[in-house]
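Notes for the one structure printed next.
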Amino acid sequence: MFSCLVAGLLFAAIVSGAQLTTRKALNLEVAKAMAAAAEQHAVKNKWNVVIAILDDGGNLIYLQRMDGTQVGSIDVAIAKAKSALLFKRPTKAFSDAVEGGRTAVISLPGALAIEGGLPISWDGEILGSIGVSGVTSEQDGMIGQAGVAALKSILGQ
């Protein structure tokens, strides 16, 4: 009986000090603005692409398919974004590893060794990711980087 009382008091002490974390999250407005910045880079270069933006849970927030972009790029853009999110690094890191001879990287579940997926972070927190597909993987990466780079100005910083 005494041990139950002690356990109950200990649990109450632990629970009373527990707090939820506060975190930042992407929203539709920010995702659209990032996609617009990425699109602007693509349009400037006359490239047609799909741009996918995921939240930190890997859920699609925004998808944009520019006119003339092949339908197959929809799933590829989402997969690039998902890979960047899962591993908290650009998918270029995987393609560089494979090019350097580390072919085992392609067997990692969810890893996509094609440039064009980038994590989106703010103040050291991963907020989500962006994936781009439609032109060469290097060009996809440049477009995605334009979207990520715009976050600072989107947030007024």
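Would you be able to tell me the number of residues in segment 128-157 that are part of a strand (DSSP E or B) and surrounded by fewer than 22 Cβ atoms within 10 Å (Cβ to Cβ)?
The total comes to 0.
Out of the residues in segment 41-55 that are within 23 Å of Leu85 (Cα to Cα) and touching an Asp or Glu at 6+ places or on another chain (Cβ under 8 Å), state the one that is surrounded by the most Cβ atoms within 10 Å (Cβ to Cβ).
Ile51
If you go through segment 96-118 one residue at a time, do you hit one that is within 25 Å of Val43 (Cα to Cα) and out of contact with any Ser or Thr (no Cβ under 6 Å at 6 or more places or on another chain)?
yes
Output the residue which, of all residues in segment 63-86 that are assigned to a helix (DSSP H, G or I) and not aliphatic (A, V, I, L, M), is nearest to Gly144 (Cα to Cα).
This residue is Lys80.
Out of the residues in segment 103-157 that are at positive phi and under 14 Å from the mean Cα position of the chain (by Cα), which is modelled with the lowest pLDDT?
Ranking the qualifying residues of segment 103-157, first place goes to Gly124.
The values are calculated or read from the model by the stated rules, or taken from the named source; none is laboratory data. Note that the structure is predicted; figures quoted are calculated from it, not measured. Glycine gets a Cβ as well: all are built from the backbone with ideal geometry, and neighbour counts include every protein chain shown.
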